[in-house]
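Trainee: Pasting a structure here, questions to come.
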Amino acid sequence: MQMTSGQRGVGVTRRIFSWIALLGCALTLSACGFQLRGASEYAFHRLYISGGGQMSVDISRYIRYGSKGTVVVTEPKDADARLEIVSITNTRTAVSLDSNGQAREYEMRSAFTFQLVTPDGRPIIPLTTIRLVRNLPYSDNETTARDTEAALLNRDMQKDAVDQIIRRMEAVKSMPEAKPEQ
């Protein structure tokens, strides 16, 4: 099938317009200050993480692969700062019941308590609790799916807490001054 010169002109015009639109979007994004999130910078260079189980593994991974020059150390004596994950609590409460008194929806709550301190124990980020809530629909017919969804929601809340802890550590711009020796 042969294209007429008018059909070729439409294709060329459409291609030129799409390139102009793409260029316009790129210029708009760069003009508004948008930039991809780069590697994180922290006020400390060596971090020791205590407590937290899987959460500490997630934070370690985040720092290892997403920071400029900060490393996670295995000994507290080698650290510039210590992240202490003090407690993690998960609860599930029925929030709606059917006519038989059976739960139809649960509210899952997680609380993550942590602090960031200097090697000698002075607070950089004082004791802080991050509280998260998710809703979990319940059905007697789908027990396996419900348990799987509950596990996924708990994991999602933990990931959200890790992200919040990382952002709070990124917000620390300087370390506290060392105590003068007496």
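Trainee: Is one or more of the residues making up the range 58-68 modelled with pLDDT of 80 or more and assigned to a strand (DSSP E or B)?
Mentor: yes
Trainee: Ok, one more. Is it fair to say L132 is farther than 19 Å from Y42 by Cβ, part of a helix (DSSP H, G or I), free of Cβ contacts under 8 Å to residues at least 60 places away in the same chain and open to solvent by less than 70 Å² (accessible area, probe 1.4 Å)?
Mentor: For L132, the condition - farther than 19 Å from Y42 by Cβ, part of a helix (DSSP H, G or I), free of Cβ contacts under 8 Å to residues at least 60 places away in the same chain and open to solvent by less than 70 Å² (accessible area, probe 1.4 Å) - is not met.
Trainee: Among the residues of the range 65-111, count how many are in contact with a Lys or Arg (Cβ under 8 Å, 6 or more places away or on another chain), open to solvent by 50 Å² or more (accessible area, probe 1.4 Å) and of a type in the set (D, E, K, R).
Mentor: 3
Trainee: Scan the range 140-178 residue by residue and report those that are among the hydroxyl-bearing types (S, T, Y) and in a helix (DSSP H, G or I).
Mentor: T143, T144, T148
Trainee: Exactly one of these conditions fails for I166: (1) surrounded by fewer than 16 Cβ atoms within 10 Å (Cβ to Cβ); (2) among the aliphatic types (A, V, I, L, M); (3) under 18 Å from F44 (Cβ atoms); (4) in contact (Cβ under 8 Å) with a residue 12 or more places away in the chain. Give me its number.
Mentor: (1)
The values are calculated or read from the model by the stated rules, or taken from the named source; none is laboratory data. These numbers were taken from a predicted model, which means no experiment stands behind them. Every residue, glycine among them, receives a Cβ derived from its backbone with ideal geometry; neighbour counts consider all protein chains shown. To get the accessible areas, we keep the full protein, side chains included, count just its heavy atoms, and leave off ligands, DNA and RNA. Shrake-Rupley method; radii C 1.70, N 1.55, O 1.52, S 1.80 Å.
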